[in-house]
Amino acid sequence: MDNNYFSNLDQNVKLALSEDVGDVDITAQLIDAETQATADVITRDDAVICGVDWVNEVFKQVDPTLAITWHVKDSDIVEPNQKLFSAAGNARSILTGERPALNFLQTLSGTATATQRYAALIAHTQTKLLDTRKTLPGLRRAQKYAVKCGGGENHRMGLYDAFLIKENHIMACGSIAKAIARAKSLHPNKRIEIEVENLAELREAADAEPNWIMIDNFSLDDMRTAVEGTNNKIKLEASGGIETDDDLVAIAETGVDYISVGALTKPLRATDLSMRMVG
């Protein structure tokens with residue numbers, strides 16, 4: 001899978017600064033241009049940290065003379081009032097970079113924190129937690145990195161690095177078998193996954209030997225039957241039907257290989273962070 005998480009980091013930051021700062025930060029102009037300051041950023045939440053590189057890039061693009069000192073690293077678990085990083089240098093620059101930097105840090109930490117909570121619920125099983133393509137526009141790579149920081153796994157980066165054959169693809173191709181055969185002929189080195197909605201479709205798909213089968217909204221009994229029927233020869237991914245924590249645990253305990261959860265990346269609760277000038 002394409003997992004170069006940082007390949008568009010500088011563009012992400014450039015766009016964030018462009019939409020926030022525009023031509024000039026007029027409020028920062030209230031401060032004397034030569035004023036120096038130090039600011040600390042703390043968390044108000046229990047959280048899993050993610051976004052160090054994005055914060056560093058924000059302040060680098062705003063003012064490369066700023067000194068950013070980190071007290072934590074990505075994947076660290078933090079508690080309320082814990083200091084995350086300090087910024088020292090030109091006061092105008094610190095305040096101009098504050099909001100874009102915290103936006104990245106609180107969004108990605110929110111993703112990592114949600115992932116860690118879900119992953120902990122199924123840690124007693126062999127099932128792995130997967131993200132989806134339901135990410136915030138422009139932050140696909142960043143959020144998938146955050147999922148990894150939280151203890152989850154990435155499904156695919158986009159439409160280009162693995163097949164996921166769904167109902168409409170099957171209808172357009174004519175059958176499950178035809179869709180899988182076509183995928184194998186087009187890109188034999190790409191992972192092929194197909195979505196099925198019942199046990200009959202599962203058997204048809206298994207006969208065509210894809211790499212993965214997504215079992216969509218199966219009952220728990222049907223999931224167990226699917227696990228027994230495929231006998232570890234094809235990876236099974238459960239999707240849908242997760243309304244509560246108990247649902248997630250019950251699905252994992254059926255023995256499926258993966259559970260994909262769109263809620264890891266959207267919607268999400270951003271981690272509550274605060275910056276304060278301390279000198």
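The values are calculated or read from the model by the stated rules, or taken from the named source; none is laboratory data. Predicted model only: the values in this text are computed from it and were never measured. Positions of Cβ are backbone-derived with ideal geometry, glycine not excepted, and every protein chain shown enters the neighbour counts.
Odds and ends about this structure:
- Single match in A205, A263, A250, A226 (criterion: touching a residue at least 60 places away in the same chain (Cβ under 8 Å) and small (G, A, S)): A263
One line per residue, one yes/no per condition, for (1) in a loop (DSSP other than H, G, I, E, B); (2) surrounded by 11 or more Cβ atoms within 10 Å (Cβ to Cβ); (3) not aliphatic (A, V, I, L, M):
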site	(1), (2), (3)
F6	yes, yes, yes
K14	no, yes, yes
D20	no, yes, yes
V24	yes, no, no
E34	yes, no, yes
T38	no, yes, yes
V41	no, yes, no
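- F59 among the aromatic types (F, W, Y), buried (at least 24 other Cβ atoms within 10 Å of the Cβ) and either over 13 Å from the mean Cα position of the chain (by Cα) or under 29 Å from D245 (Cα atoms) (or both): yes
- Residues of the stretch 56-111 that turn out to be hydroxyl-bearing (S, T, Y), assigned to a helix (DSSP H, G or I) and within 14 Å of I42 (Cα to Cα), as a count: 1
- The single condition from (1) surrounded by fewer than 19 Cβ atoms within 10 Å (Cβ to Cβ); (2) assigned to a loop (DSSP other than H, G, I, E, B) that T135 fails is (1).
- Number of positions in the stretch 262-279 that are touching a helix residue (DSSP H, G or I) at 6+ places or on another chain (Cβ under 9 Å) and either among the basic types (K, R) or under 17 Å from L220 (Cα atoms) (or both): 2
- Close pairs (7 angstrom Cβ cut-off, 6 or more residues apart or separate chains): within 30 Å of P80 (Cα to Cα) in the stretch 18-43, in a loop (DSSP other than H, G, I, E, B) and polar (S, T, N, Q) anywhere: I42/N81; I42/Q82; T43/Q82; T43/T271
- Taken over the stretch 41-84, the criterion of being over 21 Å from R141 (Cα atoms) and among the polar types (S, T, N, Q) is satisfied by T43, T65, T69, N81, Q82.
- The stretch 121-132 - residue that is of a type outside the set (V, I, T) and touching a residue at least 12 places away in the same chain (Cβ under 8 Å) and, of those, surrounded by the fewest Cβ atoms within 10 Å (Cβ to Cβ): Q126
- Residues located in the stretch 128-174, provided they are of a type in the set (S, T, Y) and within 20 Å of Y258 (Cα to Cα): T132, T135, Y145
- So Q29, is it in a helix (DSSP H, G or I), over 23 Å from G138 (Cα atoms) and polar (S, T, N, Q): yes
- Any chance N154 is touching a Lys or Arg at 6+ places or on another chain (Cβ under 7 Å) and in the same structural domain as D216 (by TED's automatic domain parsing): yes
- Here S109 meets each of (1) surrounded by 18 or more Cβ atoms within 10 Å (Cβ to Cβ); (2) farther than 30 Å from S260 by Cβ; (3) hydroxyl-bearing (S, T, Y) with one exception, condition (2).
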